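Right, one structure below, let's go through it.
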């Protein structure tokens, strides 16, 4: 029953004060669409914060103050973050940074990977390409987790050396292969990073 009373109360506020609030919002914003948004946001906040209204006879002034605060908040936001057309400020945008790791030829990495011993290639493939945890790799290869971690570390070092030494005509390439998720207590943070 209380919900119905609140809804009826809000509907009566809307019916009585919407036109006046819209005119006030239009006067402030000087734009029909912004005025509609301001009035709608005001009634939304009125619904949420109706418990803050102390005197029911002062609903109109309470709604007007709420609308003005919303308007001022939007103006401050627009001053801090002005809207502009991308074509007008395109010259100010930073150029795309070319990360050598991003431009590394996938075929070069694949060929370097196939040049590794099977004991190191399989853990690297399972870890980076198939997104498996240390535990899953250990089960798949029937070796302890520590051996998996060791083979990954040593395999990355070997792969780094192959790529740095100009494997597939690439000299001194920086590659960062990072696995985005980390399973708790299953593996340490491992990065494949080659210096430039």
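The values are calculated or read from the model by the stated rules, or taken from the named source; none is laboratory data. None of these values were measured; they are calculated from a predicted model. Every residue, glycine as well, gets a Cβ built from its backbone with ideal geometry; the counts of neighbours run over all protein chains shown.
Quick notes on this one:
- Test set (1) within 27 Å of the chain's Cα centre (by Cα); (2) buried (at least 17 other Cβ atoms within 10 Å of the Cβ) - residue 74 fails condition number: (2)
- Pairing each residue of region 134-147 that is surrounded by 14 or more Cβ atoms within 10 Å (Cβ to Cβ) with any residue that is at pLDDT 90 or above and not in a helix (DSSP H, G or I), provided the two are 6+ apart or on different chains, yields C-beta distances under 7 Å for 138/144.
- Top-ranked residue of region 129-143 - restricted to ones that are in a helix (DSSP H, G or I) and under 15 Å from residue 118 (Cα atoms), ranked as farthest from the chain's Cα centre (by Cα): 141
- None of 101, 95, 51 is under 30 Å from residue 163 (Cβ atoms), surrounded by fewer than 12 Cβ atoms within 10 Å (Cβ to Cβ) and at pLDDT below 95 except 95.
- Residue within region 55-75 that is free of Cβ contacts under 8 Å to residues at least 60 places away in the same chain and outside any helix (DSSP H, G or I) present: yes
- Residues (without any contact (Cβ under 8 Å) to a residue 24 or more places away in the chain and either more than 13 Å from residue 119 (Cβ to Cβ) or assigned to a loop (DSSP other than H, G, I, E, B) (or both)) located in region 148-162: 157, 161
- Single residue of 54, 49 found to be more than 25 Å from residue 76 (Cα to Cα) and either in contact with a helix residue (DSSP H, G or I) (Cβ under 9 Å, 6 or more places away or on another chain) or in the same structural domain as residue 78 (by TED's automatic domain parsing) (or both): 54
- Taking the conditions (1) under 38 Å from the mean Cα position of the chain (by Cα); (2) surrounded by 15 or more Cβ atoms within 10 Å (Cβ to Cβ); (3) over 20 Å from residue 72 (Cβ atoms) in turn, residue 39 satisfies each one other than (3).
- For region 24-36, the set of residues classified as exposed (fewer than 15 other Cβ atoms within 10 Å of the Cβ) and touching a helix residue (DSSP H, G or I) at 6+ places or on another chain (Cβ under 6 Å) is empty.
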